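What follows is a single structure, written as C-alpha cells, with notes after it.
Each reported figure results from applying straightforward, stated rules to the coordinates on display, with no laboratory input. Not measured: the values here are computed from a predicted model. With ideal geometry, Cβ positions are generated from the backbone for all residues, glycine too; neighbour counts draw on all protein chains shown.
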Amino acid sequence: MDRPIRVLVGKPGLDGHDRGAKVIARALRDAGMEVIYTGLRQTPEQIVEAAIQEDVDCIAMSILSGAHNHLFPRVMELLKEEKIDDILVIGGGVVPDDDIQPLKDAGIAEIFTPGTPTTTFINYIKENIIR
Amino acid sequence: MDLAKKLLKGDKRTLARLITLIENDDPHAIEVLKAIYNHTGKAHVIGITGPPGAGKSTLTDKLAKELNKRGKKIAIIAVDPTSPFTGGAILGDRVRMADLTNNPDVFIRSMGSRGTLGGLAKNTLGVIKAFDAYGMDYIFVETVGVGQSEVDIVKAVDTTILVMVPGLGDDIQAIKAGIMEIGDIFVVNKADLEGAHRTMMELETMLDFRQDEGWKPPVLEAIGRDNIGIGQICDNIEKHMDFLVKSDKLGYARRENVKKEIIEIAKGSMEVHIFNNNNKDNQLEILAERVANKEQDPYTASDEILKSFINRGIKND
Amino acid sequence: MFDKGKLNQLQSQKDTWEEGKLKKVLEKRPERKKEFTTGSNKEVGRLYTPLDVADLDYERDLGFPGEYPYTRGVQPTMYRGRLWTMRQYAGFSTAEESNERYKYLLEQGTTGLSVAFDLPTQIGYDSDYPISEGEVGKVGVAIDSLEDMEILFKDIPLDKVSTSMTINAPAAVLLAMYIAVAEKQGVSADKLKGTIQNDILKEYIARGTYIFPVQPSMRLITNIFEYCHKEVPKWNTISISGYHIREAGSTAAQEIAFTLADGIAYVQAAIDAGLDVDDFAPRLSFFFNSHNDLLEEVAKFRAARRLWARIMKERFGAKKEKSLMLRFHTQTGGSTLTAQQPENNVVRVAIQTLAAVLGGTQSLHTNSRDEALALPSEDSVRIALRTQQIVAYESGVTETIDPLAGSYYVESLTNKLEEDALEYINKIDSLGGAPKAIEKGYIQKEIQDSAYTYQKQIENEERIVVGMNKFMIEEPKPTGLLKVDPAVGKLQKEKLAKLKETRDNQLVNKNLEELSKAAEGEANLMPYIKEAVKAYATLGEICDVLREVFGEYQQNIIL
C-alpha cells in the first residue's frame, strides 16, 4: 500500500491513564502510519465524529477504568447509526477475559490486554484494515 | 451518484473521503475537483502560522467558535509534520479543539505534511477547494511557520494570521525573514506572559518598513486559552476581506495565486509524465548510464528527454 | 569519609585487579551483557568501592536519623519505634459496599484507611451526569453528596483512624464532607488525621483527573493549606505524588525531580499567597512508587529525602525541623505487574515492599496480584497485606535503621540520583517552574520518551519481564475476578433524585450563590464549600459553580 494508514487513537471515558495510548500512538507513527490523537475524556460521539472527519482506517481505543462494557459498544452503535462498516475498531486496556467475547459480539474486532507488544498491534492493523 | 454531486449536496462522509483521495494523489480526486471547481471561490481562506508552541491550535479553536457564533460554517485544516524517516505522523491538533468535534457547522481535518516537495501546498489547495464547494464560509489552514511548503500554503490564502508569543528572542528574526512580509494580521498570543509588550513593539517597528497599499496589518493581543482578544481578531478577519473586495485586491491576488497554482500543477504533472512514464522504456536509465560514462553531458540528455516528451504528448495511463 | 592516602592505595590495587585477575576471566568468559543498567536505564558499574563515594561526607550527606538532611530517615528510631502504616487503597461501587470493605480491612490489621473514588467523583461530576455513564463506582466509590460520605464512614470512629483520600481537583469538597461527617459523629476537626492527595500538577502531568486551569487550582490548594493550618492541624494537606509520574513511564530520577519540582511550586504558591513556610510545610507529605530494582529504589527514597531537606532549608529558608522532612507514602508499582502468570506478581510486590521499607517509608500500600486483570479481589488484597506483614515481622530489615547505608553502591547511586534530579529541577526552573513546564508539555514529553524507550526495550528483549517476554506458558483463563455490579449507577441516580426532593433546595441555592461570589473574589473558599456541603449540595453542583467561574483546564500534548 502506498498511502499511509490513518488511525484514530482515542481515550473514551474519564480515565486519565494515557501511557498506553501514547506509546501506541508513537509506535504506529514509527510504523509509518498517520495517527490522529484525540486526547483524554472523549465521548463515544466525539470519537465517531472525529473518525468520520479524519476518514480513518482504524479506531483504536484504550480504557483502563473498567468502563469498556459501556463505552466500546456505544462507539459501535454510533458507527452503525452512521452506516459505517469500513472502519476497523480495536480496543485495549484492563479488560477481563469474560468481557472480551461480548465486546467482539458488539463489533469490536479485537481486544488487546496489558503486555501485548506494539508489533502485534501494528501487524494486526496492517492485516485487518478493511479498505 | 458520483462524489462531486454528493459533495455539493453536503454529504459529510463524501467530503472526508474526497480529502483522502486528494491527499493520496488519487486520479479520481482530480476528476472530482474539475467537476466542483465552478462551485468554489466563496469561502474566505485564512492561513494561521507561527512558531511551534505559539498556541495556534488553541487560537484557531477559539476563532472557529467565535465565527460560528456569528453564524458561519468553518473548516479547519491542521497540518503537522510527517516523519521523514518512517512516513508516519502524529496529528495532535484535535486535542485542543475537542469540543468543536460535535459542532455540525465545523469540520476539522488533520493532515501530515508527507514530505513531498511542493506536494503539500498542491494537496492543501485541493482540500481547500473541497471545503469551499462543500459550502464552508471560512477555511482555516494551520501550519507551523517553517519550511518552504508551509510558506507556499500561507501565500495561497486570502488572509494570513501570523501568531507570535512573547519571549521568542532571536526566533522572531527568523520568522521575520520568512513570512513577516506576508502576514495580514499579527497576533501576540499568550499576552499575559512577560515581554508581551516588547514583542508587540518589535512587530510594530518591523511593520513600519512594509510598503502595503491601503492595508496596515494590525498587531493584536490575545490570550487564546482564556478566550481573550478573539472577537477583535475576528473583526479584523472580516475587515481584511472587506478591504480585499473593495480594493479589488481579492481578484488580483486570487488571479496571481491561480497562476502559481497552474504552474505548480503543470510542473507536477510534467514530472509525472516525463519521468514516471518515460521510465517505462528506460530512457532515463539509458541516458544516465551515458552521462555517467561521459559519453554525453547532462544538459543534452535533459533536452533529449524533453524532446521525446513533447513528441509523445500527454498520455494519461 | 576516607583517608586520601588509603584511597590512592586502593586505586592502584583496583587497577592491579582489573589488569590481572579480572582481565583474565573476562577474556575467557565475557560478561552476560555489554552494558548493565538499573531499572531506569542508569549505567551500573561492575564493582563499587570507597573510590566511588570518596567525596561522601557523613555529617553533611547522611547525618543521623531524625536529623538534617534526613538521608537515613525522618524519625530517630524508625521502625524500631513504630512500624510503617499499612494502608490499603480500597473503595468501589457504592458507599455501603466500600464501608463493608473498610471494616473488613480494619479487622484484618490495616492501620489506616485509604479511599479510592470513582472517576466521576474525581472529576467533580455527579453519578447522574451523562458523561458519568459507565464509570460510576468502577475504580472507586461514588460520592455525590454528604449523604454518601456519611454512609462511607458509618460506624468508623474518625478520631481513631487516619484516612487517606485519593482526591485532587475537588479535594476541598471531599475534605469539607469528611469534616462534616466527623462533626456529626461528635469529633471536632482538630482531632482528624489523614491525607488528601490534593496534587493537581501531577494530574496535568500524568493522571488526568484535572478540572480547573492551573491558577485557580493552585488557589484552591493554598486555601486548603491555610484552612487546615487553623482548623485541621493534624491533617496532611497534600500528598505530592511521584507515584503516577512513575506509572506513566518516568525513570527513578525523573520521579524524584518532577515530584519535588511540583512540591517547589506548591511551596512557592503558598508563600506568594502570604503564608509562612513553617506554618504549612510540616503538613506536606509525599507519595512515591516502588519498582523492582531494589537498590535503585532504596537510593531513590534516600536521595529524595536529602534533596527535599536541602531545598526547604536553602531555597525557602524553612526553620522548623518538620518543614524539612520528606515524609512519604509508598505504593508498589502497578505498571510492573503482569497480566500473564499473575501469581508472579506476589513476588514482585514483595521485592518492592522491601525496597520501600529499606528506603524508610512512612506508610505503604501493596498492590494485589490481579491488578493487571481487574479490580483486586478480597483474597488478593489479603495476600498483599500479608506481604507487608511478613516483611515487617519476619524479614529482620526493620530491626535497625537504614541498613543499606554505607553500601558503596547504594551511596553512590543515592548521590547520582540526587544529581540527576537536581539537574532536571534546574531545567524546570529555567522554564519558569513546574506549572509553566507542564503547560509547555516539557515534563510530559520527558516522561513519554522514557516510557517509549522502556516499551521498545521490552519488545526487543533488552529487558526481561518474567512470564511476559520470557518464560511464558500456556495459561488457563483467570478466575475469581471482582466485578462491579453495573446497577451501581442506577442506585446512585435514585439516591440523588431522592436527595434533591428532600433537602432544603433554597438553602442549597443560597449557599452555592455565595460560593460563586466568593470564587470571583479572593476569599478562602473552604468555609463556603463547607456550608454548601452541609446543605447537601452535590459534588457536581459545587464543582459546576467553580467551573463556571474558573473555566476548565485544556490539556497540552506533545508526542
- Message: Within 10 Å of each Cβ in B:10-19, how many Cβ atoms from other chains are there, averaged over the peptide?
- Response: 3
- Item | Inter-site label distance for B:Glu204 and C:Glu494 at 7 Å from Cα along Cβ, in nm | 6.7
- Message: If every alpha-carbon in chain C counts as one equal scatterer, what log10 I(q)/I(0) does Debye give at q = 0.12, 0.13 1/Å?
- Response: -1.21, -1.42
- Task: Please order C:Leu525, A:Leu103 by the number of other Cβ within 10 Å, starting at the fewest.
- Result: A:Leu103, C:Leu525
- What angle do you read, to the nearest 10 degrees and between 0 and 90, between the alpha-carbon axis of helix C:214-231 and the longest principal axis of chain C? 80
- Item | segment C:452-516 shape via C-alpha gyration tensor axes, a/c threshold 1.5 | oblate
- Item | R0 of 45 Å, Cβ-Cβ distance C:Thr37-A:Asp98: FRET efficiency to nearest 0.05 | 0.70
- Task: Please say if segment B:8-114 is rounded, prolate or oblate, where rounded means a/c under 1.5 for a ≥ b ≥ c the square roots of the C-alpha gyration tensor eigenvalues, and otherwise the choice is prolate for a/b larger than b/c and oblate otherwise?
- Result: oblate
- Query: Taking the Cα centre of each part, how many Å lie between segment C:25-93 and segment C:271-336?
  - Reply: 16
- Query: Local charge sum around A:Thr120 (other residues, Cβ-Cβ under 10 Å, Lys/Arg +1, Asp/Glu -1)?
  - Reply: -2
- Query: Any idea what the dipole of the protein assembly as shown comes to, in debye rounded to 20, about its Cα centre with Lys/Arg Cβ at +1 and Asp/Glu Cβ at -1?
  - Reply: 720
- Note on the structure: Reduced to Cα centres, the span from segment C:460-531 to segment A:18-56 in Å works out to 25
- Stretch gain in nm, segment B:Lys12-B:Lys294, where the contour uses 0.36 nm per residue and the Cα spacing is subtracted: 95.8 nm
- Message: Could you derive backbone 3J(HN,Hα) for segment C:269-286 from the dihedral phi with the Karplus parameters 6.51, -1.76 and 1.60 (θ = phi - 60°), listing whole Hz in sequence and x where the residue is Gly or Pro?
- Response: 4, 5, 4, 5, 7, x, 7, 7, 4, 6, 7, 10, 4, x, 9, 7, 9, 10
- Note on the structure: For segment C:415-559, averaging the sequence separation of alpha carbon pairs under 8 Å that lie six or more residues apart and dividing by its residue count, the contact order in percent is 23
- Item | Kirkwood Rh and Cα Rg combined as Rg over Rh, evaluated for segment A:6-128 | 0.91
- Just list whichever of C:Lys184/C:Lys234; B:Lys6/B:Lys129; A:Lys83/C:Lys138; C:Lys193/C:Lys493; C:Lys23/C:Lys456 have alpha carbons separated by over 23 Å in the model shown. A:Lys83/C:Lys138; C:Lys193/C:Lys493; C:Lys23/C:Lys456
- Message: How large is the direction-averaged shadow of the alpha-carbon convex hull of the protein assembly as shown, in nm²?
- Response: 48.7
- Message: List the pairs from C:Lys230/C:Lys313; B:Lys69/B:Lys216; B:Lys69/C:Lys500; A:Lys104/C:Lys300 whose alpha-carbon separation is above 32 Å, in the order I gave them.
- Response: B:Lys69/C:Lys500; A:Lys104/C:Lys300
- Quick one: which residues, 5 or more positions from B:Val188 or on another chain, have an amide H under 5 Å from its amide H? H modelled 1.01 Å from N in the peptide plane, none for Pro or chain starts. B:Met164, B:Leu220, B:Glu221, B:Ala222
- Within a 10 angstrom radius of each residue's Cβ in A:89-98, how many Cβ atoms of other chains show up on average? Whole number is fine. 3
- Message: Placing unit charges on C-beta atoms (Lys and Arg positive, Asp and Glu negative, everything else neutral), compute the dipole magnitude of segment C:59-444 about its Cα centre in debye, rounded to 20.
- Response: 1080
- Task: Would you mind counting up the charge near B:Val106? Only other residues with Cβ under 15 Å from its Cβ, with Lys and Arg at +1 and Asp and Glu at -1.
- Result: 0
- Using 1/(1 + (r/R0)^6) with R0 = 60 angstrom and r between the beta carbons of B:Glu256 and C:Glu513, what's the FRET efficiency to the nearest 0.05? 0.55
- Note on the structure: Taking the protein assembly as shown and counting helices only, DSSP H stretches of n ≥ 4 at -39,500 (n - 2.57) each over all residues, the nearest-500 ellipticity at 222 nm comes to -14500 deg cm²/dmol
- Placed amide H near B:Ala78: partners under 5 Å, 5+ positions off or other chain: B:Arg109, B:Ser110, B:Met111, B:Glu142
- Message: Residue by residue through B:77-90, how many Cβ atoms from other chains fall within 10 Å of the Cβ on average?
- Response: 5
- Query: Quick one: if you stick a label point 7 Å off each Cα along the C-beta vector at A:Ile84 and C:Lys320, how many nm between them?
  - Reply: 5.6
- Message: Can you compute 3J(HN,Hα) from phi for each residue in segment C:144-149, using the Karplus curve 6.51 cos²θ - 1.76 cosθ + 1.60 with θ = phi - 60°, rounded to whole Hz and x for Gly and Pro?
- Response: 9, 7, 3, 4, 5, 5
- What ³J(HN,Hα) values, in whole Hz, does the Karplus curve 6.51 cos²θ - 1.76 cosθ + 1.60 give for segment C:485-497 when θ = phi - 60°, with x put for Gly and Pro? 5, x, 6, 3, x, 5, 4, 5, 4, 5, 4, 5, 4
- Rounded to one decimal in nm, the spacing of the 7 Å Cα→Cβ label points at C:Glu520 and C:Lys436 is 3.2
- How much FRET efficiency would the formula 1/(1 + (r/R0)^6) give for B:Asn227 and C:Thr479, where r is the Cβ-Cβ distance and R0 is 51 Å, rounded to 0.05? 0.45
- Pull up all non-local amide H partners of B:Gly47: gap of 5 or more, or a different chain, and H-to-H distance under 5 Å with H placed in the peptide plane. B:Val141, B:Asp158, B:Thr159, B:Thr160, B:Ile161
